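Worksheet for the structure shown next.
The values are calculated or read from the model by the stated rules, or taken from the named source; none is laboratory data. For clarity, every value in this text was computed on a predicted model and none was experimentally measured. Every residue, glycine as well, gets a Cβ built from its backbone with ideal geometry; the counts of neighbours run over all protein chains shown. Remember, those area values only see protein heavy atoms, side chains included, never the ligands or the DNA or RNA. Shrake-Rupley method; radii C 1.70, N 1.55, O 1.52, S 1.80 Å.
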Amino acid sequence: ARSRRAKDGANVFPMTSKYSAENAKVRVFTYKEGLLSAVAHDLEIEVPVFSIEVEEETIRATFFARSLRVLHAIEAGSPKPGKLSDRDKKTIESNIASDVLQSARYPEIRFEGTRSGEAQQISIEGTLSIAGRSRKVRLEARKQDGTWNAETTIHQPDFGIKPYSAMLGALKIKPDIRVTFSLTES
């Protein structure tokens, strides 16, 4: 991939590059709330099927809604790999795909935007489309050891998504979810 050089000679984000699960990671973090939140779990979810393309200043990304997979529960900020059974994970994944993201009707989550900045930090602004609704989002990306890391918070109701709830709302997911990206340059 071609790269531009900043004034100080350091490489900036490559001008043309493609990312997928082979050279990038996308993670979604959900957080519990409600009267019965003590029996629920915060979750780390991976998005294993996606493509991100960078051409000059334009960034286009497609994430496949049915591909989300629960990695594990999180307690006190740390992964707890054995906390959820495979059956629990499949149930959660099914709820995300059908109830939350409506993946039968909206199979893709899309982003298109532009980037600006130099050397080790860039800003990315664009339009994110989830479940038939589009909103402007902004991310800050930083480069460390050849990997670009970015993070954003998505407020589900902005996209017409009612955060998942059960037991008459005594157990629910907070409306804000955190999404992280790690893109490794080749």
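Observations on the structure shown:
- Qualifying residues in region 135-146 (those that are surrounded by fewer than 16 Cβ atoms within 10 Å (Cβ to Cβ) and in contact with a strand residue (DSSP E or B) (Cβ under 7 Å, 6 or more places away or on another chain)) - the one farthest from Pro157 (Cα to Cα): Gly146
- Of the criteria (1) modelled with pLDDT of 95 or more; (2) open to solvent by 60 Å² or more (accessible area, probe 1.4 Å), which one Ser186 fails: (1)
- Restricted to strands (runs of 3 or more DSSP E) entirely inside region 97-186, those with at least 2 residues that are among the aliphatic types (A, V, I, L, M) and farther than 23 Å from Arg69 by Cα are 121-130, 133-144.
- Restricting region 147-170 to residues that are open to solvent by less than 30 Å² (accessible area, probe 1.4 Å) and in contact with a helix residue (DSSP H, G or I) (Cβ under 7 Å, 6 or more places away or on another chain) leaves a set whose member that is nearest to Gly117 (Cα to Cα) is Ile161.
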